[in-house]
Amino acid sequence: MSEAKNSIKAGDEIPSLEKSMDQAKIDQFAGFSGDFNPIHVNEEFAKQVGLGGTIAHGAISLGYFCEMLVSFFGEDWLDHGGFSVSFIGPVRPGYKLKYRAAVTELAEDEKGGRVNLEIWCENQDGVKLIVGRAHGPLEESATG
Amino acid sequence: MVVPNLGDRKPMRYDELEIGEEFAPLEFTIPEERVKQYIEVFDDPHDWLREKDPKVPPFISSMDVIRPIFEKYGIAPGTVHAKQEVEMLKAVKPGQKLISKSRVADKYIKRERKYVVFEILTEDEDGKRINRNRFHFVLPE
């Protein structure tokens, strides 16, 4: 578990996660998930429906958000964590992505102390593609 | 998991979906092999499958639970995953028996686009809640 979590406060960013997206990754995820919706795997179809080309499955980014949050909170996040995100822009093949999170408040819920965060994914131009919020467990020592 | 596309199932139509509609419960496990596949697809560096106390990466259990919905309704080309809410409540072990129940939780029109919300609750064999997912999809015209 990250030692940085012990002194976290509102406004802090947790370590971000950088990933690259390409069509091979999208195709690989299509095979893993069974989701061959042509907007993800058929360039011509994606253009015909006005998307400008194929776009990545939203679930790929959700997995990356999970990786970022588990890296920071540790496996306790599996027992007391969550997120809610909206996909506001397409993730396209060729994009360099950065998954980021910033603490908004330290709070309490039925499971105990928690860290609330704003989370987002931006591309290489700093354009936000996915936005939302997340939470993870807060150790008592972090409030001191 | 194979999610059937429109050619196999009837399309999901906004006007025909009813809030409260329930889908067949899904009993499933996440075997170690699927975890290995996930790790490869996502290049996940975490040591999930260590010998002592292995665990399943959190997002897998949120992915597979959508299956009953797409076994009833095919994914119409152009369907877009617009939003997702996930709450993690209990870690899962490879091979652990899980049960998920899904329903149409809501549907709404926003900026002339039609959305459907599926809520899926997953529990372990002892009835302990594992996670809660809400998937928001935009349905094509």
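Bear in mind that the values in this text are calculations on the coordinates, not laboratory data. Here the structure is a predicted model, which is why all the values come from computation and not from measurement. Every residue, glycine as well, gets a Cβ built from its backbone with ideal geometry; the counts of neighbours run over all protein chains shown.
Listed values, structure above:
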{"quantity": "Measure of compaction for the protein assembly as shown (Cα Rg per 2.2 N^0.38 Å)", "calculated": "0.98"}
{"quantity": "Low-density loop positions, trypsin sites (Lys or Arg not before Pro), the range B:18-111 - DSSP coil, at most 14 other Cβ in 10 Å", "calculated": "B:R50, B:K52, B:K97, B:R111"}
{"quantity": "Pairwise centroid distance, computed over Cα atoms, of the range A:33-96 with the range B:73-125, Å", "calculated": "15 Å"}
{"quantity": "Estimated dipole of the protein assembly as shown in Debye, rounded to 20 [Cβ of Lys and Arg +1, of Asp and Glu -1, Cα centre]", "calculated": "680 debye"}
{"quantity": "√(5λ) per eigenvalue of the Cα gyration tensor, the range A:1-120, largest first, Å", "calculated": "33, 14, 13"}
{"quantity": "Helix-derived mean residue ellipticity, 222 nm - over the protein assembly as shown, DSSP H n ≥ 4, -39500 (n - 2.57), to 500", "calculated": "-5500 deg cm²/dmol"}
{"quantity": "Furthest towards positive pole of dipole, B:F70, B:H136, B:G95, structure part chain B, Cβ charges", "calculated": "B:H136"}
{"quantity": "Average beta carbon contacts from partner chains per residue of A:35-44, 10 Å cutoff", "calculated": "4"}
{"quantity": "Relative contact order (%) - chain A, alpha-carbon pairs under 8 angstrom, separation at least six", "calculated": "30 percent"}
{"quantity": "Residue of A:V103, A:V131, A:V49 that the Gaussian network model of chain A assigns the largest fluctuation, springs spanning Cα pairs under 10 Å", "calculated": "A:V49"}
{"quantity": "Residues listed by number, the range B:54-83, amide nitrogen under 16 Å from B:K101 label point at 7 Å toward C-beta", "calculated": "B:68-69"}
{"quantity": "Chain B: relative contact order as a whole-number percent, Cα under 8 Å and 6+ apart", "calculated": "32 percent"}
{"quantity": "For the range B:61-141: relative contact order, % (alpha-carbon pairs under 8 angstrom, 6 or more apart)", "calculated": "38 percent"}
{"quantity": "For chain B, the spread of Cα positions along each principal axis, largest first, Å", "calculated": "50, 31, 29"}
{"quantity": "Rounded tilt (10° steps) of B:32-42 against the dominant C-alpha axis of chain B", "calculated": "70 degrees"}
{"quantity": "Spatially proximal lysines relative to A:K47 (Cα-Cα < 30 Å; intrachain offsets below 8 disregarded)", "calculated": "A:K19, A:K25, A:K96, A:K98, A:K128, B:K10, B:K72, B:K83, B:K107, B:K110, B:K114"}
{"quantity": "Assigned charges on the beta-carbon of Lys, Arg, Asp, Glu; the range B:42-95 dipole about Cα centre (debye)", "calculated": "200 debye"}
{"quantity": "Loop-resident sites, the range B:48-92, for GluC sites (Glu not before Pro), counting at most 10 other Cβ within 10 Å (DSSP)", "calculated": "B:E51"}
{"quantity": "Fluctuation leader among A:K25, A:K98, A:K111 - chain A, Gaussian network, Cα springs under 10 angstrom", "calculated": "A:K111"}
